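What follows is a single structure, written as structure tokens, with notes after it.
The values are calculated or read from the model by the stated rules, or taken from the named source; none is laboratory data. Treat the numbers as computed from the prediction; the structure is a model and nothing was measured. Cβ atoms come from the backbone with ideal geometry, glycine included; neighbour counts cover every protein chain shown. To get the accessible areas, we keep the full protein, side chains included, count just its heavy atoms, and leave off ligands, DNA and RNA. Shrake-Rupley method; radii C 1.70, N 1.55, O 1.52, S 1.80 Å.
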Amino acid sequence: MSTIQALRGTKDILPTDIGYWQHLEATAQQILGQAAFREIRTPMFEQTDLFARGIGEATDVVGKEMYTFSDRGDRSITLRPEGTAGAVRSFIENKLYGTGGIQRLWYSGPMFRYERPQAGRQRQFHQIGAEVFGSADPRADVEAIAVAVNLLSALGLKSLKLALNSVGDREDRQRYREKLVAYLTPYKDELDPDSKDRLTRNPLRILDTKVERTQEICVDAPSIVDALSPDSAERFERVQQGLAALGIDYTLDNRLVRGLDYYTHTAFEIQSDDLGAQATVCGGGRYDGLVSELGGPETSAVGWAMGMERLILLLQEIQPLSEPSVDFYVVSRGNQAEIQALSVAQILRQAGYSVEVDLSGSAFGKQFKRGDRAGAKACAILGDAEADNNTVQIKWLKSGEQTEISQSNLLETAKSFDGNKFKS
RNA sequence: GCGGGCGUAGCCAAGUGGUUAAGGCAGUGGAUUGUGGUUCCACCAUUCGCGGGUUCGAGUCCCGUCGUUCGCCCCA
């Protein structure tokens with residue numbers, strides 16, 4: 001077989017599904033716009049260094065999941081695996097901090113990670129993300145989370161769970177890391193191989209394990225919340241108060257650790273029970289060190305990203321897409337009539353209707369049948385007789401009522417068609 | 001990167017070593033040569049993702065490969 005197929009982990013979004021995407025995008029634009037977030041569009045590829053420095057060399061995303069290649073100028077290029085690094089780069093490069101105050105940005109678009117595809121996970125996938133730059137106030141965390149929650153509920157998604165944690169600042173995390181390693185080291189030989197490996201690389205992630213024995217060991221492990229400095233703890237408290245004040249339910253999960261290095265303080269995930277293993281629909285948190293890390297001024301920031309494919313899987317479960325339908329279906333037969341059919345269609349479109357022209361040239365009966373299938377409210381009919389008289393028959397499919405209209409009056413007449421006739 | 005399931009027409013599928021590859025939807029043509037939503041009739045896979053092997057014989061068994069799906073890892 002020599003036909004070319006879409007690459008593994010990529011998917012065409014076909015007309016049958018596009019309605020979900022358009023709905024999702026329109027809703028995001030509306031909800032984020034209402035919250036004073038402005039859209040930003042950054043390139044889909046960047047210097048590899050941006051991601052290596054931003055996301056962290058030791059992370060899986062950077063270590064084994066990036067699409068990295070040399071371009072013709074021998075630059076190391078990477079297809080963006082996530083949106084935050086690019087947004088931060090743009091924030092710095094365009095000196096968006098110079099406009100003073102707080103920048104609220106959002107984006108959506110394709111991201112690329114070389115992973116094994118499974119439900120809700122592809123190699124090219126799409127995210128909607130939001131970032132708030134320039135505020136260290138816990139209210140910024142609350143606002144960011146609230147916008148995410150608003151978007152999900154505007155989409156009609158129910159029974160989602162918000163999990164919340166604080167990973168503290170750099171010092172807190174370092175202190176906790178030492179405590180955790182000290183606790184786990186005696187159990188070293190009982191840990192599963194992955195966790196054993198993480199003991200030196202990324203011990204916090206061990207808490208997230210699914211291996212039963214490792215979980216048992218972790219039950220009595222020190223909690224990160226207990227390792228927070230008084231300031232960090234106070235800050236976390238205020239985030240929780242803010243959420244409570246907005247009536248946003250959450251559960252504390254002190255094993256929640258985000259996989260990208262840049263997170264500090266608040267970390268959160270929004271999960272669904274209906275997605276199998278890829279349950280996280282939105283993930284985010286605070287990343288106060290990232291802007292300066294990438295060469296910008298010391299800038300606090302908080303943000304999140306949602307997986308659009310996962311959202312659409314959920315949308316498909318709650319509401320089937322309505323079949324697209326057309327107002328008029330133009331039926332014609334004979335050379336003159338077939339030509340006139342095109343101009344009749346144009347006139348009806350000018351009058352504001354959606355119109356599909358039958359191009360098959362088959363018998364009237366077949367054309368009507370297709371008109372029906374297309375969900376048309378009415379057929380515009382042109383045969384030899386109509387072509388000779390410059391008229392057109394309009395037949396309302398529901399009632400069967402049919403009237404003849406002169407083509408020269410069609411625009412005026414069409415503008416005043418009875419709205420009732422369009423209700424199905 | 002690792003492990004399990006699956007791969008028959010545009011779609012949903014039956015078929016588990018014997019040979020004429022069920023059926024349904026959709027499509028095309030006709031009954032109805034200018035009028036639909038119903039009905040009836042006919043047509044619609046030299047071939048079962050691809051390549052190889054076992055066998056007198058393979059869609060059915062084996063190996064490889066590609067794809068897909070579920071899980072691990074990781075993440076949205």
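Taking region A:253-307, which residues are more than 7 Å from RNA strand B (Cβ to nearest atom), under 21 Å from the mean Cα position of the chain (by Cα), of a type in the set (A, V, I, L, M, F, W, C) and more than 22 Å from A:PRO222 (Cβ to Cβ)?
A:ILE270, A:LEU275, A:ALA301, A:VAL302, A:TRP304
How many residues does region A:384-424 contain that are in contact with a Ser or Thr (Cβ under 9 Å, 6 or more places away or on another chain), of a type in the set (Gly, Ala, Ser) and crowded, with 16+ Cβ neighbours inside 10 Å?
Qualifying residue count, region A:384-424: 1.
Scan region A:149-202 residue by residue and report those that are part of a loop (DSSP other than H, G, I, E, B) and over 26 Å from A:SER300 (Cα atoms).
Correct list: A:LEU155, A:GLY156, A:LEU157, A:LYS158, A:SER159, A:LEU191, A:ASP192.
Quick grid of which residues meet (1) under 20 Å from the mean Cα position of the chain (by Cα); (2) at pLDDT 95 or above; (3) not basic (Lys, Arg):
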| residue | (1), (2), (3) |
| --- | --- |
| A:ASP71 | no, no, yes |
| A:TYR97 | no, no, yes |
| A:ARG104 | yes, yes, no |
| A:ALA140 | no, yes, yes |
| A:ALA144 | yes, yes, yes |
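Within the set of pairs 6+ apart or on separate chains, which have a first residue in region A:241-267 that is modelled with pLDDT under 95, a second that is of a type in the set (Ser, Thr, Tyr) and surrounded by fewer than 18 Cβ atoms within 10 Å (Cβ to Cβ), and C-beta atoms under 8 Å apart?
A:ASN254/A:SER223
How many residues does region A:160-173 hold that are open to solvent by 30 Å² or more (accessible area, probe 1.4 Å) and within 16 Å of RNA strand B (Cβ to nearest atom)?
Number of matching residues: 3.
Go through region A:153-173 and give me each residue that's of a type in the set (A, V, I, L, M) and either in contact with a strand residue (DSSP E or B) (Cβ under 6 Å, 6 or more places away or on another chain) or free of Cβ contacts under 8 Å to residues at least 12 places away in the same chain (or both).
A:LEU160, A:LEU162, A:ALA163, A:LEU164, A:VAL167 - these are the residues of region A:153-173 that are of a type in the set (A, V, I, L, M) and either in contact with a strand residue (DSSP E or B) (Cβ under 6 Å, 6 or more places away or on another chain) or free of Cβ contacts under 8 Å to residues at least 12 places away in the same chain (or both).
Which of the residues belonging to region A:53-82 are free of Cβ contacts under 8 Å to residues at least 24 places away in the same chain and under 13 Å from A:LEU260 (Cα atoms)? First the steps, then the outcome.
Here is the first cut: in region A:53-82, the ones free of Cβ contacts under 8 Å to residues at least 24 places away in the same chain are A:57, A:62-63, A:68-74.
Those that are free of Cβ contacts under 8 Å to residues at least 24 places away in the same chain and under 13 Å from A:LEU260 (Cα atoms): A:GLU57, A:VAL62, A:GLY63.
Taking region A:106-120 only, how many residues are of a type outside the set (Ser, Thr, Tyr), near RNA strand B (Cβ under 8 Å from one of its atoms) and touching a strand residue (DSSP E or B) at 6+ places or on another chain (Cβ under 8 Å)? Working first, answer last.
Start the filter on region A:106-120 by keeping residues that are of a type outside the set (Ser, Thr, Tyr), which leaves A:106, A:109-113, A:115-120.
Still in the running and near RNA strand B (Cβ under 8 Å from one of its atoms): A:111, A:113, A:115-120.
Subset that is touching a strand residue (DSSP E or B) at 6+ places or on another chain (Cβ under 8 Å): A:111, A:113, A:115, A:120.
So the count comes out to 4.
Quick check: is even one residue across region A:132-148 buried (at least 22 other Cβ atoms within 10 Å of the Cβ) and not in a helix (DSSP H, G or I)?
yes
Output the residue which, of all residues in region A:349-366 that are more than 8 Å from RNA strand B (Cβ to nearest atom) and in a helix (DSSP H, G or I), is most open to solvent (accessible area, probe 1.4 Å). If you could, list the steps in order and put the result at the bottom.
First, pick out the residues of region A:349-366 that are more than 8 Å from RNA strand B (Cβ to nearest atom): A:349-359, A:361.
Filter once more, keeping what is in a helix (DSSP H, G or I): A:349-350.
Values: A:ARG349: 102, A:GLN350: 130 Å².
That would be A:GLN350.
Among the residues of region A:396-424, which ones are hydrophobic (A, V, I, L, M, F, W, C) and closer than 12 Å to A:CYS379 by Cβ?
Across region A:396-424, the qualifying residues are A:TRP396, A:LEU397.
I need the full set of residues from region A:174-193 which are touching a residue at least 24 places away in the same chain (Cβ under 8 Å), of a type in the set (A, V, I, L, M, F, W, C) and either surrounded by fewer than 18 Cβ atoms within 10 Å (Cβ to Cβ) or over 13 Å from A:THR214 (Cα atoms) (or both), in order please.
A:LEU180
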